[in-house]
1. What value, in deg cm²/dmol to 500, does the helix sum -39500 (n - 2.57) over DSSP H runs of n ≥ 4 give at 222 nm once divided by the residues of the chain?
2. For the chain, give me the percentage of DSSP beta bridges that are antiparallel, rounded to the nearest 5 percent.
3. Could you give the accessible area per residue of segment 185-240, probe 1.4 Å, as a whole number in Å²?
4. Mind checking the full-extension length gain between ALA218 and ALA246? Use 0.36 nm per residue of separation minus the Cα-Cα distance, one decimal, nm.
5. What translational D, rounded to a whole number of µm²/s, comes out for the chain from Stokes-Einstein when the hydrodynamic radius is the Kirkwood one over Cα pairs, at 10 °C and 1.306 mPa s?
6. Per-residue counts of other Cβ atoms within 10 Å, averaged by peptide: what ranking do you get for 77-84, 159-166, highest first?
7. Quick one: putting +1 on the C-beta of Lys and Arg, -1 on the C-beta of Asp and Glu, what dipole do you get for the chain around its Cα centre, in Debye to the nearest 20?
8. About the Cα centre of segment 141-223, what is the dipole size in debye to 20, counting +1 per Lys and Arg Cβ and -1 per Asp and Glu Cβ, all else neutral?
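The values are calculated or read from the model by the stated rules, or taken from the named source; none is laboratory data. On a predicted model such as this, the values are computed, not experimentally measured, just so you know. Here the Cβ is made from the backbone with ideal geometry for all residues, glycine too, and neighbour counts use every protein chain on show. These accessible areas exclude ligands, DNA and RNA; they are computed on the full protein's heavy atoms, side chains included. Shrake-Rupley method; radii C 1.70, N 1.55, O 1.52, S 1.80 Å.
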Amino acid sequence: MSPREVRLPVAWGELAGLRRESPGRPRVIALHGWLDNAASFLPMLPHLPGLDLLLLDLPGHGRSAHLPVGTEYGLTTHVHAVLDAADALGWERFALLGHSMGAAIASLVAVADPSRVERLALIETLGPLSEAPGNTASRLQQAVAASRGRAAGASLRVFPDLGLAVRARMQASQLDQANARLLVERGTRAVAGGYVWSSDPRLTRPAPTRLAEPQVQALLAAIPCPVRFLGAEPAQSYFPEAVRDARLAVVPDATVAVIAGSHHLHMDQPATVASFFLDFLAG
């Protein structure tokens, strides 16, 4: 069954997503990576039978509303968005399937509201990005300069046709044409002269703060539910093998596998990735 488009009301606007309903089956919310959207999980969908699924566009991504002017995107913003989406569906308990930034957000949701998250299926990331405390001041300065600078009002790049946007996305993310098109078709909007990215440009600004690695590990040590983690080899530069292993070591209940592949391995190898998670998500 093909998923249907949904709009979920929240205090500041609407969250969009793709919904495949299977009443009475295990409930799962899928969370995509940075500047991706709900279409990130479409290749996996045929390989995840028997699940009640919401593929969510996170705030400012895909077809979800942008945050109001004067507000900032942060990890807690996305945590609340996930819980708001679950509330809108009437879901008290659910599992989370996350890729990259979505996996980081899923990790935090499980800690922030542990009574609601039954299990975590994580791809390519565990916990948020961290930074040495010595970079705290310079990071804040860069973030404030970016948000107040002239570039904040720069015009969006217009692609005369979707094919050019697909090629740009392929170059940026090492995606094949079919997978890049899935993300582009959901991640653009029509304007005079062509198409522009629909994601909020503020998402590309540097975050004003990041946690130190000991803080991240303290959060991960507080995850009360089972975790299943799948990583790609070689590891990403922002999430090197040593950091990955150290974080997984503090999670109380984690099953881990690493396979050869790219960062978007759930799109490149959907059947393999789904087979690793299906029995886990089905409970």
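1. -10000 deg cm²/dmol
2. 40 percent
3. In whole numbers, segment 185-240 has 48 Å² accessible per residue.
4. 8.9 nm
5. 82 µm²/s
6. The densest-packed peptide leads the list: 77-84, 159-166.
7. 660 debye
8. 280 debye
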